[in-house]
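Notes to accompany the following structure.
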Amino acid sequence: MNTIGIDVGCKELVVVIMVNGKARKAKSFDNTPSGHQTIIQSFKKLKGETRVCIEATGVYHFDLAVALSRADGIEVMVINPKAAHNFAKVLMRRSKTDAIDAENLAIYAEMMPFEAWERPANECISLRAIARRIAALGKQKTQTKNQLHALESTLETPKLVIEQTKDLINILEEHIKVLRDSALVLIRQNEELEQAYALITGIKGIAQASAVQILSELMILPKDMTARQWVAHAGLDPRIFDSGSSVSKKPRISKVGNKYIRQALYMPALVASRFDPNIKGYYHHLIDDNGLKKVQAVCAVMRKLLHAIHGMLRTNKEFDGARFYTLPVCTNS
């Protein structure tokens, strides 16, 4: 039995292989598709069964986990960072390095019950790639529109430059449309995706474009994640900065997480805060009664929307505004 621990960083992967209970020297690989294939090829040279343990580290572990799960003869387990942290305490490690963390994960795979990671459906993985490409092209389109506005504000810009800039905007819009149509086809091909799409588009503010972006990021997450873990994964959890008796800053969202979820929820939160009675009531309650600024209230709505979507997808129930926020009863005296 070969047990392997991989410490995942944004750019580097540190690998420790244990054979018959003995750890080999740690090796480093690039956290890139080519680096993943190099790791897989090195694992295939090992004799016997191979089990790999990695820690869920935001967005950086996912592509590696997918690549490992698709390789023949390799089983992969993805564990909660808190479990890895507590296991290191049990081992009474005095030092902390990437190599030591990787060895801890290899020991974890050897000693603890092995729970194989369940790879998301191929449609979900493809949907994420398409949605992120749409997001990138959307950002480029916005930048190009801003450039066009600047170019048209002066008479010195040649007509050819303006025409080509407009053509580029049209091309980007066409590419976005093709990708979005492709995303909708993928959604219709997967029953779980189609059902989730129907549910979340029932929320005012979440239309076709937003639904594609939201589902592409949420449907690849582990099924056992709680709503609070979703919020933390999205970086919408509050970050408290308090030190001693003199330093106390106002809480802000951490932004340590998946930026694509935050970007996808922003516009739906704005629209819902205007047109859905219960969400609008919650938004104004935060401003009028709790003294939040408008941008803080929007972030709070985003966070609560994520909680609502989590509940909807788990229970297969439509959005209930009264559960989101109960409007105060007006009484005439």
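Just so it is clear, none of the values below were taken in a lab; they were calculated from the coordinates. Since we're looking at a predicted model, the values are computed, not measured. Cβ placement follows ideal geometry from the backbone for every residue including glycine, while neighbour counts extend to all protein chains displayed.
Please give the contour-minus-distance gain from L270 to Q143: 0.36 nm per residue of separation, less the Cα-Cα distance, rounded to one decimal in nm.
Gain on stretching L270 to Q143: 43.5 nm.
If I model a spin label as a point 7 Å beyond the Cα along the Cα-Cβ vector, how far apart are those points for R24 and I171 in nm?
Those two pseudo-labels are separated by 4.8 nm.
Looking at the chain as a GNM with Cα springs under 10 Å, which of I261, I74, I134 has the largest mean-square fluctuation?
Fluctuation is largest for I74.
Give the distance, in whole Å, between the Cα centre of segment 146-213 and the Cα centre of segment 17-70.
If we compute the Cα centre of each part, the gap is 37 Å.
Students often forget the sequence filter, so: which aspartates and glutamates lie under 18 Å Cα-Cα from K27 once same-chain residues fewer than 8 apart are removed?
Reachable aspartates and glutamates: D7, E12, E55, D98, D101, E103.
Can you bin segment 122-189 into rounded, prolate or oblate? Criterion: square roots of the alpha carbon gyration tensor eigenvalues sorted a ≥ b ≥ c, rounded for a/c under 1.5, prolate for a/b above b/c, oblate for the rest.
prolate
Under DSSP H, which helices of the chain have Cα atoms covering 24 Å or more of the helix axis and a Kyte-Doolittle average no less than 0.0?
159-189, 259-275, 294-315
Could you tell me which residue out of Q296, N122, A183 lies farthest along the dipole of the chain toward its positive end? Charges go on the beta carbon: Lys and Arg +1, Asp and Glu -1, centred on the Cα centre.
About the Cα centre, the residue reaching furthest to the positive side is Q296.
Before anything else, pin down the relative contact order of segment 2-111: Cα pairs under 8 Å, at least 6 apart, normalised by residue count, whole percent.
Once divided by the residue count of segment 2-111, the mean separation gives 36 percent.
Placing +1 on the Cβ of each Lys and Arg and -1 on the Cβ of each Asp and Glu in segment 2-111, which of V78, V19, Y108 has its Cα farthest towards the positive end of the resulting dipole?
V19
Considering only the other residues whose Cβ falls under 15 Å of the Cβ of G321, what net charge follows from Lys and Arg at +1 and Asp and Glu at -1?
Cβ neighbours under 15 Å give a net charge of +3.
Which trypsin sites (Lys or Arg not before Pro) in segment 273-333 pass both tests, a DSSP loop state and at most 13 other beta-carbon atoms within 10 Å?
K293, K317
If you keep only loop residues by DSSP, which GluC sites (Glu not before Pro) in segment 1-107 have at most 14 other Cβ atoms within 10 Å of their Cβ?
Sparse-neighbourhood loop GluC sites (Glu not before Pro): E49.
Restricting to segment 2-111, compute how many DSSP beta bridges are antiparallel as a %, nearest 5.
55 percent
Regarding segment 3-107, what is the average projected area of its C-alpha convex hull, in nm²?
Approximately 6.1 nm², given one-decimal rounding.
I want the antiparallel fraction of DSSP beta bridges within the chain, as a percent rounded to 5.
60 percent
May I have the extent of the alpha carbons of the chain along their three principal axes, as whole Å values ordered from largest to smallest?
If we take the Cα atoms of the chain, the spans are 73, 66, 49 Å.
List the trypsin sites (Lys or Arg not before Pro) within segment 191-235 that DSSP assigns to loop and that have no more than 11 neighbouring Cβ atoms inside 10 Å.
Here the sparse-neighbourhood loop sites are K223.
Can you give me the relative contact order of the chain as a percent, contacts being Cα pairs under 8 Å and 6 or more apart?
13 percent
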